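As structure tokens, the structure follows; a few thoughts come after it.
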Amino acid sequence: MNQPVTTPHSPTVVLGVTGSIAAFKSIEIARLLIQHHIRVLPVLTQSGARFVGPVTFTGICGEASRMDMWDPSFSGELHVALASQADVVLVAPATADIIARFAQGRADDLLTALTLCARGHVIVAPAMHPRMWAHPATQRNVQTLQRDARIEWVGPVVGPVANGEIGLGRMAEPQNIVSAVLARLRPPDLNDWHIVVTAGPTVEDIDPVRFLGNRSTGRMGFSVARRAAARGARVTLIAGPTELTTPAGVQRRDVRSASDMRSTLHDVLGPSLGGADALVMAAAVGDYRPAHIHNEKMKRGAQPIQLELVANPDILAELGSMRTGSSPLLVGFAVETADEPTLIEHARGKLSKKRVDFIVANSASIGFGGESNEAILVGSDDIERLPRMTKDELADRILDRVIGLRSGRG
Ligand code: CTP
């Protein structure tokens with residue numbers, strides 16, 4: 001594996017892994033953190049190690065997995081040494097038992113002792129059966145810990161737990177947990193911003209069971225929303241139909257058709273568009289809709305049928321023409337099947353037609369569906385070609401450019 005390099009000077013996270021089936025996801029968490037050049041020091045409780053072994057974490061993190069306060073291979077106080085190095089202590093998954101022990105201030109194993117000794121933030125991602133989470137004893141412990149401002153909670157979320165039952169107790173998704181860590185490690189540079197993001201496909205109904213849609217998954221827009229929130233912005237995410245969970249700290253408005261998206265955007269931005277500092281229009285808005293929506297399901301027949309389509313409004317172009325000054329900053333996307341020169345040419349065309357500040361252009365074969373993306377940021381007088389990166393990383397590059405534009409304009 002081509003691992004990003006981390007050094008003892010890299011931002012450092014102690015990853016505490018306790019005894020839940022969700023421990024297998026801690027490997028993904030470690031991997032994502034390392035991709036962000038974060039040094040990960042794994043600490044496993046005895047029960048955590050029954051789910052995923054220390055050798056796996058040592059291999060992934062390139063750092064010794066620690067389990068024992070009295071580790072003879074370490075000279076000195078291991079809990080103090082780890083706590084002193086950790087910019088953040090992340091406990092994921094956190095069982096009902098470790099939460100109870102944190103609430104009591106126990107220090108009788110390595111993870112509890114180093115958490116008491118931590119100098120920075122402690123992020124806790126609970127994972128347990130929903131009845132354990134809802135139990136008054138667990139809720140009392142959570143409330144006790146909520147009085148400690150250094151402790152931040154990510155999840156749990158509603159979803160299937162280990163035995164297939166569905167409820168509030170599932171660990172938050174690794175990406176959301178990692179975003180919470182990144183937010184603590186990166187100075188929040190979008191603190192005074194309200195960023196509106198659109199994401200996902202729009203869907204145009206034909207009849208009560210059929211629709212016209214597209215292949216957008218919404219991942220790119222959700223990454224922009226997640227990273228903007230992690231960097232301190234107030235974020236409104238206007239999402240077409242998608243399976244994705246709402247990123248932590250993001251306010252979400254669900255829409256279906258292009259016309260729903262348009263009216264929700266106007267509602268959020270207000271008549272003079274003063275309701276946001278930036279709009280990142282990552283949604284794949286359908287260009288056409290059926291001229292009529294049938295109230296009843298259309299019946300099958302032997303003859304070919306014609307579906308009359310009418311054009312949807314170009315939402316971004318409309319907002320671009322309404323904007324009088326330079327706010328909100330407008331970012332468009334252009335997904336094309338063409339080769340690179342044509343992609344850039346089309347992006348330039350959209351930039352001027354829609355009067356936006358820059359276009360994130362990418363090829364449909366790369367951008368759709370996957371976790372990574374390779375984009376070209378096309379401005380009015382420059383082009384920034386970015387290498388293939390995760391959608392979260394690309395989201396950060398887009399937000400960096402948005403910040404740069406505002407500071408450039410004073
Ligand atoms: N867009 C929009 N309203 C539409 C269509 C697109 O606001 N009815 C926005 C998209 O969210 C994206 C940008 O415009 O940010 C470009 O979308 P794209 O589909 O690539 O471009 P179109 O203008 O639809 O042109 P074409 O489909 O012909 O390439």
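The values are calculated or read from the model by the stated rules, or taken from the named source; none is laboratory data. As the structure is a computational prediction, the values presented were derived from the model and not from experiment. Heads up, the Cβs are rebuilt from the backbone with ideal geometry, glycines too, and the neighbour counts pull from every protein chain shown. Accessible surface is based on the protein model in full, side chains and every heavy atom, while ligands, DNA and RNA are left aside. Shrake-Rupley method; radii C 1.70, N 1.55, O 1.52, S 1.80 Å.
Summarising the amide proton neighbourhood of I238: residues at separation of 5 or more, or on other chains, whose placed amide H is nearer than 5 Å comprise V197, T198, A199, R253.
Per residue, the chain exposes an accessible area of 47 Å² to a 1.4 Å probe, with every protein chain left in place.
Around the Cα centre of the chain, unit charges on the Cβ atoms of Lys, Arg, Asp and Glu (plus for the first two, minus for the last two) sum to a dipole of about 540 debye. Measuring with a 1.4 angstrom probe and ignoring ligands and nucleic acids, E345 comes out at about 120 Å² accessible. Restriction of the trypsin sites (Lys or Arg not before Pro) in the stretch 278-376 to DSSP coil positions whose beta-carbon has at most 11 other beta-carbons within 10 angstrom yields K297, K299, R300.
When the square roots of the Cα gyration tensor eigenvalues are ordered a ≥ b ≥ c, the ratio a/c for the chain is 1.5 or more and a/b exceeds b/c, which makes its shape prolate. Segment H266..N295, full-extension length gain: 7.7 nm, with 0.36 nm per residue of separation and the alpha-carbon distance subtracted.
For the chain, the longest principal axis of the C-alpha atoms and the axis of helix 219-230 are separated by about 50°.
Quick check for me: using +1 on Lys/Arg Cβ and -1 on Asp/Glu Cβ, what's the dipole size of the stretch 240-309 about its Cα centre, in debye to the nearest 20? In total the dipole reaches around 300 debye. Relative contact order of the stretch 194-408, taken over Cα pairs closer than 8 Å and 6 or more residues apart, is 20 percent. Between V197, T390, L307, the Cα set farthest toward the positive side of the dipole of the stretch 194-408 (charges on each charged residue's Cβ, about the Cα centre) is that of V197.
Which angle between 0 and 90 degrees, to the nearest 10, do you get for helix 258-269 versus the longest principal axis of the chain when only C-alpha atoms count? Helix 258-269 sits roughly 70 degrees off the main axis of the chain. With contacts taken as Cα pairs under 8 Å at a separation of at least 6 residues, the chain carries a relative contact order of 10 percent. Is the stretch 253-356 rounded, prolate or oblate when judged by the Cα gyration tensor, a ≥ b ≥ c being the square roots of its eigenvalues, rounded requiring a/c under 1.5 and prolate requiring a/b larger than b/c? Because a/c hits 1.5 or more and a/b fails to exceed b/c, the stretch 253-356 counts as oblate.
Binning the alpha carbon pair distances of the stretch 194-408 at 10 angstrom intervals from zero yields the distribution 8, 34, 37, 15, 5, 1, 0, expressed in whole percent.
With all protein chains in place and a 1.4 Å probe, the accessible surface of the chain carries 51 percent carbon and sulfur. Across the stretch 57-63, coupling constants 3J(HN,Hα) worked out from phi with the 6.51/-1.76/1.60 Karplus curve, θ = phi - 60°, read 5, 4, x, 6, 8, x, 9 Hz, and Gly and Pro carry x. The helix-based estimate of mean residue ellipticity at 222 nm for the chain, built from -39,500 (n - 2.57) per DSSP H run of four or more residues and divided by its residue count, is -10500 deg cm²/dmol to the nearest 500. Among 373-379, 18-24, the peptide with the highest mean count of other Cβ atoms within 10 Å heads the list, and the full ranking is 18-24, 373-379.
Take the alpha carbon gyration tensor of the stretch 31-102, find the square roots of its eigenvalues, order them as a ≥ b ≥ c, and report rounded if a/c is under 1.5; if not, report prolate when a/b exceeds b/c, else oblate. Rounded shape, in that the Cα axes give a/c under 1.5.
Relative contact order, whole percent, for the stretch 12-185 stands at 23, derived from Cα pairs under 8 Å and 6 or more residues apart. Suppose R0 equals 25 Å; then what is the FRET efficiency for E340 and Q35 from their Cβ-Cβ distance, rounded to the nearest 0.05? My answer for the efficiency is 0.45.
The charge dipole of the stretch 12-185, taken about its Cα centre with unit charges on the Cβ of Lys, Arg, Asp and Glu (plus for the first two, minus for the last two), comes to roughly 300 debye.
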